[in-house]
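Before any comments, here is the structure.
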Amino acid sequence: MILPIIAYGDPVLKKVGLPIDKDYKGLGQLIENMFETMYAASGVGLAAPQVGISIRLFVVDTKPFAEDEPELENFKKVFINPQIIEEVGDEWKFNEGCLSIPGIREDVMRKKIIHLRYQDEEFKTHETVFEGLAARVIQHEYDHIDGKLFVEKLSPFKKQLIKGKLRDITIGKVDVDYKMRFPIKK
Ligand code: NI
């Protein structure tokens, strides 16, 4: 089932998500719905708060990036209760977007390599090093479960420039071709 994606301005996007365990009700269905929702919106990652659920879960599938990085062809994963153990390497710039913030893309600086501990959908624990675009997508989604959005990382000048656009998104004054829920109805 495709779920509405929560738009910028909704308080759920600012909440720190709670950890979950394997007894979390309806988890399998939720994961399936999140993938379906992400694909319908042509996204490469989606975090549970973006469908209104404040828990530490996100899904990624980087297939759209496979043209640039062939190893991302089959990078489809579920991350539960992830913890970034460390971030290393030089910071690099990448033009990020977010399904909750349609129509805005900005360059964001992040470190190149992350060391992540997480559980998969079977609650098996993994410790893995990710780098490049894979790390980038994970860092962006990880921020979501900590209640952070990429626009908060921009310079005060950039923030000022997009202020009006962000306000428009909050009230649903935005062109978007997937299902969304806006915090303030027009
Ligand atoms: Ni996002």
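The values are calculated or read from the model by the stated rules, or taken from the named source; none is laboratory data. This is a predicted model, so every value here is computed, not measured. SASA here: full protein model, heavy atoms, side chains in, ligands and nucleic acids out. Shrake-Rupley method; radii C 1.70, N 1.55, O 1.52, S 1.80 Å.
Brief remarks on what is shown
- DSSP beta bridges confined to segment 1-84 are antiparallel in about 90 percent of cases.
- Relative frequency of Cα-Cα separations exceeding 18 Å in segment 1-93, percent: 53
- Take every DSSP beta bridge whose two residues both sit in the chain; close to 90 percent of them are antiparallel.
- Karplus-derived HN-Hα couplings along segment 83-97 (A = 6.51, B = -1.76, C = 1.60, θ = phi - 60°), whole Hz, x at Gly and Pro: 9, 7, 7, 7, 10, 9, x, 6, 6, 9, 9, 9, 7, 9, x
- Dividing the helix sum by the residues of the chain, where each DSSP H run of 4 or more adds -39500 (n - 2.57), gives a mean residue ellipticity at 222 nm of -7500 deg cm²/dmol.
- Along principal axes, Cα extents of segment 56-121, largest first, whole Å: 31, 27, 25
- When the listed pairs Lys15/Lys77; Lys25/Lys159; Lys76/Lys153; Lys22/Lys165; Lys93/Lys124 are checked against a 31 Å cut-off, the alpha-carbon distance exceeds it for Lys25/Lys159; Lys22/Lys165; Lys93/Lys124.
- Gaussian network model of the chain, springs between alpha carbon atoms under 10 Å - residue of Tyr24, Tyr118, Tyr39 with greatest fluctuation: Tyr24
- Computed with a 1.4 Å probe over protein heavy atoms only, the accessible surface of segment 30-186 comes to 51 Å² per residue.
- The accessible surface of the chain, taken with every protein chain in place and a 1.4 Å probe, is 51 percent carbon and sulfur.
- Residues Leu3, Leu149 ordered from highest to lowest accessible area at a 1.4 Å probe: Leu3, Leu149.
- Between segment 152-166 and segment 73-104, the Cα center-to-center distance that results, in Å: 20
- Counting only heavy atoms of the protein chains and using a 1.4 Å probe, Met180 has close to 30 Å² of accessible surface.
- For q = 0.18 Å⁻¹, Debye-computed log10 I/I(0) when each Cα of the chain counts as one equal scatterer: -1.30
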